[in-house]
Amino acid sequence: MLRIWGATKVAHPQVVGLHTQPRPGEKPTPASDRRRKPPQTPDVLRPKATPTPSTPAQILERKVRSLLNKICPDNLQVITEQLAAIELKNVEQLETIIKLIFGIALTDPHYCETYADMVFTLKNRYPEFPAEREGEKAVTFARALLNTCQNEFESLPTTFEPTDEERARMETADLAHEMQTRKKKMLANMKFIGHLFLRQLLAVKVVGQIVHALIGIKEGLPEEHMVECTCEIGRASCRERV
């Protein structure tokens, strides 16, 4: 019967012009809008567009992070060559690469030696850039590395005692974890500096200044974490000389 009705498409005279009435308070639907609409895909099922880097700095950072996240002693040479092949156009890009290397070395101190070996290989692979001001020295990889070491060291906390604000807004367990994370990062920084010194990427004078800042002449005894940091530099610096 449905096939016959679909073929004839002739409405009975008694039902011509009949239509359903809208519910109270509901606006009547125009005849042109009564056609069945395709089902809408829920927002949760729609694939979300992945944001793409829009600036050269973002593109460089994403590429370098991707390479650093893959590094291990087995693929060190391959990853280092891929990093060395990146064409740098200015000092900011050079500093970005060094900061990213420092960042991953401090979060993954287990591979500090691997990252130090990578830095040693890269030091002669990138170009030097002219100084921004007259009378200043050209910016080389070694000079940018030294500046980054200094900035990282100066940004380290001088104490691991939480502030009153931190005590007020953090639970005891979270607070202890945060202090432990800070301490691990500081020790990782010292370990990385020691390995850079071992590879003659940092001068004796620089390491001497760091040690003096940690346990030099001060009123009273140095804090415990300062002594630990000094020992960490010593262990990393002498590890391969023994």
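The values are calculated or read from the model by the stated rules, or taken from the named source; none is laboratory data. All values reported here derive from a predicted model rather than from experimental measurement. Methodologically, a virtual Cβ is constructed for each residue, glycine included, from the backbone with ideal geometry; neighbour enumeration extends over all protein chains shown. For the accessible areas, the whole protein counts, side chains as well, though only heavy atoms, and no ligand, DNA or RNA atoms are used. Shrake-Rupley method; radii C 1.70, N 1.55, O 1.52, S 1.80 Å.
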- Single residue of region 166-199 satisfying the filter (acidic (Asp, Glu) and out of contact with any helix residue (DSSP H, G or I) (no Cβ under 7 Å at 6 or more places or on another chain)) that is surrounded by the most Cβ atoms within 10 Å (Cβ to Cβ): 178
- Message: Give all pairs with beta carbons closer than 7 Å in which a residue from region 158-179 that is more than 19 Å from residue 224 (Cβ to Cβ) meets a residue that is open to solvent by 50 Å² or more (accessible area, probe 1.4 Å); count only pairs at least 6 apart in sequence or on separate chains.
- Response: 170/178
- If we take region 1-113, then helices (runs of 4 or more DSSP H) inside it with 3 or more residues that are more than 30 Å from residue 143 (Cβ to Cβ), at pLDDT below 55 and among the aliphatic types (A, V, I, L, M) are 2-8
- Task: Would you mind telling me which numbered condition in (1) without any contact (Cβ under 8 Å) to a residue 24 or more places away in the chain; (2) within 26 Å of the chain's Cα centre (by Cα); (3) open to solvent by less than 40 Å² (accessible area, probe 1.4 Å) residue 202 fails?
- Result: (1)
- Item | Only listed residue being among the β-branched types (Val, Ile, Thr), over 17 Å from residue 90 (Cβ atoms) and open to solvent by 60 Å² or more (accessible area, probe 1.4 Å), chosen from 114, 159, 163 | 163
- Query: In the list 136, 61, which residue meets the criterion of being in contact with a Ser or Thr (Cβ under 7 Å, 6 or more places away or on another chain), open to solvent by 60 Å² or more (accessible area, probe 1.4 Å) and either under 24 Å from residue 155 (Cβ atoms) or aromatic (Phe, Trp, Tyr) (or both)?
  - Reply: 61
- Query: Which members of region 125-151 meet the condition of being of a type outside the set (A, V, I, L, M), in contact (Cβ under 8 Å) with a residue 24 or more places away in the chain and farther than 22 Å from residue 208 by Cβ?
  - Reply: 125, 126, 127, 129, 132, 141
- Task: Consider residue 127 carefully, then state whether it is in a loop (DSSP other than H, G, I, E, B), in contact with a helix residue (DSSP H, G or I) (Cβ under 9 Å, 6 or more places away or on another chain) and open to solvent by less than 30 Å² (accessible area, probe 1.4 Å).
- Result: no
- Check region 221-242 and report whether any residue there is touching a Phe, Trp or Tyr at 6+ places or on another chain (Cβ under 9 Å), closer than 21 Å to residue 111 by Cα and open to solvent by 30 Å² or more (accessible area, probe 1.4 Å). no
- Please identify the pairs in which a residue from region 61-82 that is under 20 Å from residue 110 (Cα atoms) has its Cβ atom under 7 Å from the Cβ atom of a residue that is of a type in the set (D, E, K, R) and in a helix (DSSP H, G or I), counting only partners at least 6 apart or on another chain. 76/117
